[in-house]
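Here, each number is a calculation from the coordinates, and none is a lab measurement. Source: prediction; values computed, not measured. Cβ sites come from the backbone with ideal geometry, for glycine too, and all protein chains shown count toward neighbours.
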Amino acid sequence: MAAPAESRKRIESLRDEIRYHNHRYHTLDDIEIPDAEYDRLMRELQDLEREYPELVTPDSPTQRVGGEPSDALQTVEHRLPMLSLDNVFSEDELHEFHRRVAEKLEFEDGAQDLQYAAEPKLDGAAISLLYQDGVLVRAATRGDGTTGEDITHNARTIESIPLRLLGDGYPNMLEVRGEVFMPLAGFEAYNKKARAGGEKTFVNPRNAAAGSLRQLDPKLTAERPLDMYVYSVGLVEGGELPGRHSEIIEQLRSWGLKTCPERRVVTGVEGCLGYYESIGKKRGELGYDIDGVVYKVDSLAMQRELGFVARAPRWAVAHKFPAQEELTVVVGVEFQVGRTGALTPVARLEPVFVGGVTVSNATLHNIDELHRKDVRIGDTVIVRRAGDVIPEVVSVVKRRRPKKTRRVHLPERCPVCDSHVTREEGEAVARCTGGLYCKAQRAEALKHFVSRRAMDIEGLGAKLIEQFVEEDRIKNPAEIYELTNEELAERERMGEKSAENLINSIEASKSTSLARFLFALGIREVGEATAQSLAAYFGNLPAITRASVDDLVKVPDVGPVVARRIRDFFDEEHNLDVIRQLQDLGVHWQDTDPMQVAEDGPFTGKTFVITGTLPGMTRDEAKALIQKEGGKVTGSVSKKTSYLLAGEKAGSKLSKAQQLEVEILDLDALLALLQH
């Protein structure tokens, strides 16, 4: 029966689509769709051609392995074709593969004892290495399986590829085949460096490996952290190899070629499935990307008996893991607020099954990353989920972008509490300024507020705070002071005595210092030292809350960035409301006279470090004195340090100052400087 016109049209459409993606993958090193989508296209074409064999043509993608080589490199003809493998995606399909093998080998029984060499299916770039008398003479990409590209100049830069084989006994002519890949740690480090330099980043490690191999300048390849595992042999002349695949790989290893340490020999289909499961569990720990496992009949005699089909051996198959990358559509973008106030854009997706689960949300990391990838609402995107890692949008398939898409902009106000959103120049992260009020930041703000060096409320630990926040019992720090003995005593594992102790600790914390209170507020980058400087300089809280950025930068230890953050915090009425509530509930401190800082004092422009025990003066008093006279006090000695003020038991800071030839003062010498 003649094939329907609709089927003919679909076959041609699929061939065109697959050729397009082959060209992007093999020639341009610029993939546009994930493997799972490509596999679906290929399998649909295979099914149609199986149904209508009269429509199979010699140039159909099903009759080839890959795409055309690039004209930029010299071409190499493989004397033995580098074929690809058929895939299975389920236990049933694996059982069917095993049945076909056993049937072809005419196993009447005992097929369960058939041995397979099993190894991870690396997600990199397949290459061929040709050794003549033990010396590397040529390296080539797989290309279309028959013709590849000469990449010898680049292969020589990869340290795991020996330029000369070790030992002896190898054939006069030996072709080995394997996978070049970029380890995950090297991939992340490379992309981090590229981002910092404003250069193009790689989409994934496979793209990184393929692109690196096809550089015209080997110096560029040498800069990239590539590795290689060999997994088979091709041409062999002038010598013999062992009769089992696993023994050949061991022999290659003895000659200095790197092989995957996860390879195993397993028995029967159950052994294959057990290996698949164990590698799947280890997948996230391997340090390199894999997308499945490969099973090969271990006996070479059996391999020869099984032979080949048009584009793949009958004696081997790839058992693919659930796809880690899939295509879907962005239906919206929302901003989530983290525990530190950081805003993270999250793509809302049409649900898609990826990495073994259904995914409907994916992170976009930050607003710069969102704009760099140019993700818009309505776009078709590649989403990736690897192991337990949060799903992320990898890239946009711009070829499928509809005419009407919506760009995404950073919100001006927090989506949780409606406070202002700020973003410092040069920073990727934007943050909510409603630190004491914002529900998203509540637990972390409260933990900091009660900590020992802040309000020092002993007994109000992290777990108890999280319970209160989850129950919505404590919405801001002021509500801590409204807790009662009765409600605390009723809580699990609390009891009357613990409740009483906590109430006493809360009551005691009401009497504090302005510096401690400022630190407890959790203003970003206002640590203890800065809080002390603010308290000493202004003397009271109203003066700080009213201070402009210009006023704040006059405070020792406060630069323009910190000044802006202080100003942003006090510009939020929510935060001022909480402070007023705390004071109404009895939190208090002793105000002091504002510090009169000399604009042209004896210490103006000088940087001090204080160490050891000073006679008759605390270090805080010495610091205040130095700051009052225009000096700056820092915590560590460096080349920028003007003086080290050293008391008894000065320790390592004294040694560092002597090493850097920093002038060392005792208290008398410091006071003497004030007289000049």
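The table that follows gives values for the structure above.
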{"quantity": "Low-density loop cleavage sites - GluC sites (Glu not before Pro) in the stretch 176-237, where at most 10 other Cβ are within 10 Å (DSSP)", "calculated": "E199"}
{"quantity": "The stretch 473-577: Cα Rg divided by the 2.2 N^0.38 Å rule of thumb", "calculated": "1.32"}
{"quantity": "Within-9-Å neighbourhood charge of S232 [Cβ basis; K, R +1; D, E -1]", "calculated": "+2"}
{"quantity": "Rounded D (µm²/s) - the stretch 194-342, Kirkwood Rh over Cα pairs, Stokes-Einstein at 37 °C, 0.692 mPa s", "calculated": "168"}
{"quantity": "Cleavage-rule hits, GluC sites (Glu not before Pro), the stretch 88-164, DSSP coil, Cβ neighbours within 10 Å at most 10", "calculated": "E106, E108"}
{"quantity": "Chain lengthening between V429 and V357 when straightened (0.36 nm per residue, less Cα-Cα)", "calculated": "23.0 nm"}
{"quantity": "DSSP-assigned coil residues among trypsin sites (Lys or Arg not before Pro) in the stretch 124-189, each with at most 15 further Cβ atoms within 10 Å", "calculated": "R156"}
{"quantity": "Furthest towards positive pole of dipole, T141, Q596, V331, structure part the chain, Cβ charges", "calculated": "Q596"}
{"quantity": "The stretch 87-320 - share of DSSP beta bridges that are antiparallel (%, nearest 5)", "calculated": "95"}
{"quantity": "Candidate aspartates and glutamates for bridging to K510, where Cα separation is under 15 Å - those fewer than 8 sequence places away on the same chain excluded", "calculated": "D456, E458, E479, E482, D584, D591"}
{"quantity": "Local electrostatic count, I503, Cβ distance below 13 Å [Lys/Arg +1, Asp/Glu -1]", "calculated": "-4"}
{"quantity": "Reachable lysines, given that their alpha-carbon falls under 16 Å from the alpha-carbon of K475 and they are not under 8 places away in the same chain", "calculated": "K439, K447, K463"}
{"quantity": "Solitary cysteines of the chain, where the nearest other Cys Cβ is not under 4.7 Å", "calculated": "C260, C272"}
{"quantity": "Aspartates and glutamates with Cα under 20 Å of K404, excluding same-chain neighbours fewer than 8 positions away", "calculated": "E334, E350, D374, D379"}
{"quantity": "Euclidean distance of C-alpha centroids, the stretch 646-672 and the stretch 169-245, integer Å", "calculated": "55"}
{"quantity": "Kirkwood Rh and Cα Rg combined as Rg/Rh, the stretch 607-674", "calculated": "0.92"}
{"quantity": "DSSP-defined beta bridges in the stretch 607-674 - what % are antiparallel, rounded to 5", "calculated": "10"}
{"quantity": "Ellipticity estimate at 222 nm from DSSP helix runs (n ≥ 4, -39,500 (n - 2.57)) divided over the chain, nearest 500", "calculated": "-10000 deg cm²/dmol"}
{"quantity": "Beta bridges per DSSP with both ends in the chain, % antiparallel, nearest 5", "calculated": "85"}
{"quantity": "Cα gyration tensor, the stretch 138-220 - rounded (a/c under 1.5), prolate or oblate", "calculated": "prolate"}
{"quantity": "Degrees separating the helix 5-22 axis from the principal Cα axis of the chain, which is the longest one", "calculated": "60"}
{"quantity": "Sequence of I506, I626 once ranked by neighbouring C-beta atoms within 10 Å, starting from the fewest", "calculated": "I506, I626"}
{"quantity": "Student exercise, the stretch 268-370 dipole from Lys, Arg, Asp, Glu Cβ charges, in Debye to nearest 20", "calculated": "320"}
{"quantity": "Calculated diffusion of the chain, Stokes-Einstein form, Kirkwood radius summed over Cα pairs, 37 °C and 0.692 mPa s, µm²/s", "calculated": "106"}
{"quantity": "Neighbourhood net charge (13 Å Cβ-Cβ; Lys/Arg +1, Asp/Glu -1) for L667", "calculated": "-2"}
{"quantity": "Signed unit charges on C-beta, dipole axis of the chain, positive-most listed residue S548, G124, G341", "calculated": "S548"}
{"quantity": "With Cα atoms, 0 to 90° folded angle of helix 495-509 axis to the chain main axis", "calculated": "60"}
{"quantity": "Simple Cβ-charge dipole of the chain, Lys/Arg +1 and Asp/Glu -1, about Cα centre, in debye nearest 20", "calculated": "1340"}
{"quantity": "More than 16 angstrom apart: percent of Cα pairs within the stretch 359-418", "calculated": "51"}
{"quantity": "Helix axis angle, 268-282 relative to the chain longest principal axis, alpha carbon, degrees", "calculated": "20"}
{"quantity": "Protection proxy ranking, peptides 297-306, 510-519, average beta carbon neighbours within 10 Å, highest first", "calculated": "510-519, 297-306"}
{"quantity": "Which of Y437, T512, A622, positive extreme of dipole for the chain (C-beta unit charges)", "calculated": "A622"}
{"quantity": "Cα shape, the stretch 78-234, gyration tensor, a/c 1.5 rule", "calculated": "oblate"}
{"quantity": "Student exercise, the stretch 325-400 dipole from Lys, Arg, Asp, Glu Cβ charges, in Debye to nearest 20", "calculated": "160"}
{"quantity": "Protection-proxy order for peptides 635-642, 662-669, each taking the mean of Cβ atoms within 10 Å per residue, highest first", "calculated": "662-669, 635-642"}
